[in-house]
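> I have a structure I would like to understand better, so I am pasting it below and will then ask my questions one at a time.
The values are calculated or read from the model by the stated rules, or taken from the named source; none is laboratory data. What you see is a predicted model, and the numbers here were worked out from it, not measured in a lab. Note that we place each Cβ from the backbone using ideal geometry, even for glycine, and neighbour counts take in every protein chain shown. Each accessible area value is taken on the protein alone, full model and side chains, heavy atoms only, with ligands, DNA and RNA left out. Shrake-Rupley method; radii C 1.70, N 1.55, O 1.52, S 1.80 Å.
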Amino acid sequence: MRATTAIILAAGLSSRMGAQKLLLPVGGKPMLQHGLDLVESMDFTRCVLVTTPEVASGVGTGAEIVINPAPEAGQSGSVRLGVLAAAPGDSLLFLTGDQPFLDAATLAAILAADDGESIVYPVGPDGMPRSPVLFGAKFREELLSLQGDEGGRQIRRRYPAACRAVRVTDERVLADIDTPREYDRVNSPPSEGWQA
């Protein structure tokens, strides 16, 4: 795989959940811990966690912790902080902290599609782009110029020819947990299935 920095964006305010969702238990550990454990089990150049003091104190990690002092200003601030902490010249894999079922096979497929000049992301059965998203090293400066709460979507729209989709058939693997209803579903028996 190409030299890649994994950046976990975990400074959101969890307004739709009504509580700090990243510290809610899933499978016996904080939701965010699943993603941390996953990236730390793989061969990344560097692992960076962009977060808040509250969340950082609730997880265990060997990742470099970068505190976002103004998460209310939008996701682009966390993106910029993560890029600045990344190894220069690396591809940049952005993960969110609310995908506890993300697996190594999905990350490996994204990494395998990286040619250094593309934007790679998984799509679920509905064909819609999901997280995590990998940006080739050529997009570093554009990521640093982002503003607002939209993050890398702006760059994806600007460079449609650079986008490469990796199909994932298991909806649960890509599920992100934003609301109390979705969180309740996480804790339901697997036989009930998952609908994001």
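> Test of understanding: what is the full-extension gain from residue 154 to residue 117, defined as 0.36 nm times their sequence separation minus their Cα-Cα distance?
11.7 nm
> I've got another one for you. Quick one: accessible area per residue over the range 1-67, 1.4 Å probe, rounded to a whole number of Å²?
44
> Follow-up question, since we're still on this one. Once both labels are modelled 7 Å past Cα along the beta-carbon direction, what's the residue 19-residue 64 spacing in nm?
Those two pseudo-labels are separated by 3.4 nm.
> Run the dipole for the range 36-134 about the Cα centre, Lys and Arg Cβ at +1, Asp and Glu Cβ at -1, nothing else charged, and hand back the magnitude in debye, nearest 20.
It comes to approximately 180 debye.
> Along Cα→Cβ, 7 Å out, is where each label goes; now give me the distance between the ones at residue 73 and residue 87 in nm to one decimal.
With each label placed 7 Å out from Cα toward Cβ, I get 2.8 nm.
> Report in % the part of the accessible area of the range 42-100 that belongs to carbon and sulfur, leaving out ligands and nucleic acids; probe 1.4 Å.
Of the solvent-accessible surface of the range 42-100, carbon and sulfur hold 53 percent.
> Farthest toward the dipole's positive end in the chain, which of 17, 62, 75, given Cβ charges of +1 (Lys, Arg) and -1 (Asp, Glu) about the Cα centre?
It is 75, whose Cα lies furthest towards the positive end.
> If you rank 138, 29 by how much accessible surface each has, with a 1.4 Å probe, what is the order from largest down?
138, 29
> With a point put 7 Å past each Cα toward its Cβ, work out how far residue 104 is from residue 169 in nm, to one decimal.
For the pair residue 104/residue 169, the computed spacing is 2.2 nm.
> Shifting gears a bit: Assuming a viscosity of 0.890 mPa s and a temperature of 25 °C, what translational diffusion coefficient in µm² per second does Stokes-Einstein assign to the range 91-142, Rh being the Kirkwood radius over Cα pairs?
213
> Relative to the Cα centre, what is the charge dipole magnitude of the chain, using +1 at the beta carbon of each Lys and Arg, -1 at the beta carbon of each Asp and Glu, and rounding to the nearest 20 debye?
340
> Taking the solvent-accessible surface of protein heavy atoms with a 1.4 Å probe, what is the per residue accessible area of the range 78-155 in Å²?
Accessible area per residue, the range 78-155: 35 Å².
> Order 31, 128, 17 by their accessible area, 1.4 angstrom probe, all chains in place, largest first.
128, 17, 31
> Over all distinct Cα pairs, what is the inverse of the mean 1/r for the range 1-147, reported as the Kirkwood hydrodynamic radius in Å?
After inverting the mean inverse Cα-Cα distance, the result is 15.3 Å.
> Then there is this: For the range 78-196, what Kirkwood radius comes out of the mean inverse Cα-Cα distance, in Å?
It is 15.2 Å.
> Mind jotting down the distance between the C-alpha centroids of the range 1-80 and the range 108-146, whole Å?
18
> Run the numbers for residue 181 and residue 161: contour at 0.36 nm per residue of separation, minus the present Cα-Cα distance, in nm.
Extra length from residue 181 to residue 161 when fully extended: 3.5 nm.
> Dividing the Cα radius of gyration by the Kirkwood radius, what Rg/Rh value follows for the range 40-113?
Ratio of gyration radius to Kirkwood radius: 0.95.
> What are the residues whose amide H is under 5 Å from the amide H of residue 150, where those residues sit 5 or more places off or on another chain and H is modelled from the backbone?
When sequence neighbours closer than 5 places are left aside, the close amide H contacts are 75, 76.
> A further question on this structure: Could you pull out every residue, at least 5 positions away or on a different chain, whose amide H is within less than 5 Å of the one on residue 97? Hs are placed 1.01 Å off N in the peptide plane, and Pro or chain starts have none.
Here the answer is 9, since their amide H atoms fall under 5 Å of that of residue 97.
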